[in-house]
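A short write-up of the structure that comes next.
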Amino acid sequence: MSDPRDEHLESMLRSRHQEAASADLAGRIILQAQTLPQIQNLSLWQSLRQMFAEFHLPKPAYVLASALALGLVLGFSTAPDTTPTQDRGVAITQTMIAGDEGLL
């Protein structure tokens, strides 16, 4: 059983006047598409260069900011050295020896 609302919708769609597309429709679509910004697949390096270009900072500032950021990341990612100063030589020596060699 079909719904009377579906039949009414179908009859309304059939009775609707459809206009033919104009001859220059393809040209208008192309012109409109040329004005829209296109999505680009950028590599990581290109996206970083584009991001830095938007900041308008001089190049020495890039170097200083990058070094500072790298130093912060490395400083926070390494574990603090909590060994006493007298045992540091032993600790360094033990890290240099591979686990399977052992002490002779």
**OP:** Identify all residues within segment 12-55 that are small (Gly, Ala, Ser), surrounded by 10 or more Cβ atoms within 10 Å (Cβ to Cβ) and farther than 30 Å from Ser66 by Cα; write none if there are none.
**Re:** Ala26, Gly27
Original post:
Cβ-Cβ below 8 Å, separation at least six or inter-chain, first residue in segment 25-52 and at negative phi, second part of a helix (DSSP H, G or I) and surrounded by 10 or more Cβ atoms within 10 Å (Cβ to Cβ): which pairs?
Top reply: Leu42/Gln50; Phe52/Tyr62
Original post:
Can you find a residue in segment 42-54 that is small (Gly, Ala, Ser) and part of a helix (DSSP H, G or I)?
Top reply: yes
Subject >> Residues that are in a loop (DSSP other than H, G, I, E, B) and either modelled with pLDDT of 85 or more or among the polar types (S, T, N, Q) (or both), drawn from segment 1-23 >> reply: Ser2, Arg16, Gln18, Ser22
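The values are calculated or read from the model by the stated rules, or taken from the named source; none is laboratory data. Keep in mind it's a predicted model, so treat the numbers as computed, not measured. No Cβ is skipped: glycine too gets one built from the backbone with ideal geometry, and neighbour counts run over all protein chains shown.
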